Amino acid sequence: MNASPIAAGSTVAKRRTPPIIGVLAVQGDFATPADAALSMWLGADGVFVGSGIFKAENPAKTAAAIVQATTHWKNAAILAEVSAGLGEAMKGIEMRTIPESERLSNRGW
Amino acid sequence: MNASPIAAGSTVAKRRTPPIIGVLAVQGDFAEHLRMLETLGAEGREVRLPADLDGVDGLILPGGESTAMRKLLDRWDLVKPIKALAKRGAPILGTCAGAILLATKIADGDEPVLSLLDVEVRRNAFGRQLESFETSLVMEGLGNDGRSRTIQAVFIRAPEIVKVGPSARAVATLEDGRIVAARQGRILGIAFHPEITGETGVHRWLVTEALAAAL
């Protein structure tokens, strides 16, 4: 939890047998097609995106773009094309502004 | 056609370059198929755009989610070039969702995608994820001289072939008689996953057919 995308990625890459259906879930700040492509570069077999889509200005367009970016993660031209005109991405929330009781590490225990 | 794995191996050795097998990589478990091809000495190539199909000797349509694959095939104009590849006589193997893409008819109203295999399939015919199972079954045309061979098969939210048309032939059934593999020339559709059990027979068949088609 709270691991950086790069740390999570290298854990995936180090496994000798990657998961058949692997999901690299990056907590927070996963909001753009570029984030999806970066996860794939880091060794993920797939990506799982929640609020990055629902809190985007254009959720449907953002979702479609993230799907295309996951398939074409190595193709810079396609990444640029699908990343254009998406509107505002989900905004991150600064940790210090989240009350202690609302943090995932404390919620539900 | 119908050559033994050893014959296939020596054919590979005789060619200056190994056969190139494309694996549709828009979604699904394409990585497992690529690993399998590597162990057999064939060159696997990820196919995401029509240009990726240039020069391939055969193609695998992997398992995954058939509706997602259909959308991505349409989005990147892959349907026509895959049909053209089949017309040139290149072998195509479709597993699970890949078999749904090959079928001429999909039960419950969905339009067919590639219409290369004269069968009707029903999606998710064996129940949900929890009902996934592994079994051994006899498949026709995989062994030496085209004989039957027993293989390990994993069914994960698998489709069923509910009807085989006059141009195709059922080549594997479960004990209860449900059809899980059908073939039409060099097009083979199977409901299960052979790529995750260490089973090499199905992929050997594809590589052998690819070499035969390329000669």
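The values are calculated or read from the model by the stated rules, or taken from the named source; none is laboratory data. These numbers were taken from a predicted model, which means no experiment stands behind them. Because the Cβ atoms are built from the backbone with ideal geometry, glycine has one as well, and the counts that use them run over all protein chains shown. Only protein heavy atoms, including side chains, enter the accessible area calculation; ligands, DNA and RNA are left aside. Shrake-Rupley method; radii C 1.70, N 1.55, O 1.52, S 1.80 Å.
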Out of (1) open to solvent by less than 20 Å² (accessible area, probe 1.4 Å); (2) in a strand (DSSP E or B), the one B:Ala158 does not meet is (2)
Could you list, in sequence order, all residues of the range A:67-84 that are more than 13 Å from chain B (Cβ to nearest Cβ) and either assigned to a helix (DSSP H, G or I) or open to solvent by less than 60 Å² (accessible area, probe 1.4 Å) (or both)?
-> A:Ala76, A:Ala80, A:Ser83
Scanning the range A:54-66 for residues that are surrounded by fewer than 20 Cβ atoms within 10 Å (Cβ to Cβ) and either of a type in the set (Phe, Trp, Tyr) or farther than 18 Å from B:Gly28 by Cα (or both) gives A:Phe54, A:Lys55, A:Glu57, A:Asn58, A:Pro59, A:Ala60, A:Lys61
For the range B:136-151, state whether one or more residues are crowded, with 16+ Cβ neighbours inside 10 Å, out of contact with any Phe, Trp or Tyr (no Cβ under 9 Å at 6 or more places or on another chain), free of Cβ contacts under 8 Å to residues at least 12 places away in the same chain and in a loop (DSSP other than H, G, I, E, B).
-> no
Could you give me the residue pairs with C-beta distances under 9 Å whose first residue belongs to the range B:74-89 and is within 14 Å of another protein chain (Cβ to nearest Cβ) and more than 15 Å from B:Pro112 (Cα to Cα), whose second residue is open to solvent by less than 20 Å² (accessible area, probe 1.4 Å) and not in a helix (DSSP H, G or I) wherever it lies, and which are 6+ apart or on separate chains?
-> B:Arg75/B:Val26; B:Trp76/A:His72; B:Trp76/B:Val26
Subset of the range A:38-66 [outside any helix (DSSP H, G or I) and either out of contact with any Asp or Glu (no Cβ under 7 Å at 6 or more places or on another chain) or among the aliphatic types (A, V, I, L, M) (or both)] = A:Leu42, A:Gly43, A:Ala44, A:Asp45, A:Gly46, A:Val47, A:Phe48, A:Val49, A:Gly50, A:Lys55, A:Ala56, A:Asn58
The one condition B:Met36 fails out of (1) within 17 Å of the chain's Cα centre (by Cα); (2) away from chain A (no Cβ under 14 Å); (3) outside any loop (DSSP other than H, G, I, E, B) is (2)
Give me the pairs: first residue in the range A:61-73 and without any contact (Cβ under 8 Å) to a residue 60 or more places away in the chain, second residue crowded, with 23+ Cβ neighbours inside 10 Å and among the small types (Gly, Ala, Ser), beta-carbon distance under 6 Å, and six or more apart or on different chains, which are they?
-> A:Thr62/A:Ala56; A:Ile66/A:Ala36; A:Ala69/A:Ala36; A:Ala69/A:Ala37; A:Thr70/A:Ala36; A:Trp73/A:Ala37
Scan of the range A:40-52 for residues that are in contact with a helix residue (DSSP H, G or I) (Cβ under 8 Å, 6 or more places away or on another chain) and either more than 20 Å from B:Gly64 (Cβ to Cβ) or modelled with pLDDT of 95 or more (or both), ordered by number | A:Trp41, A:Leu42, A:Gly52
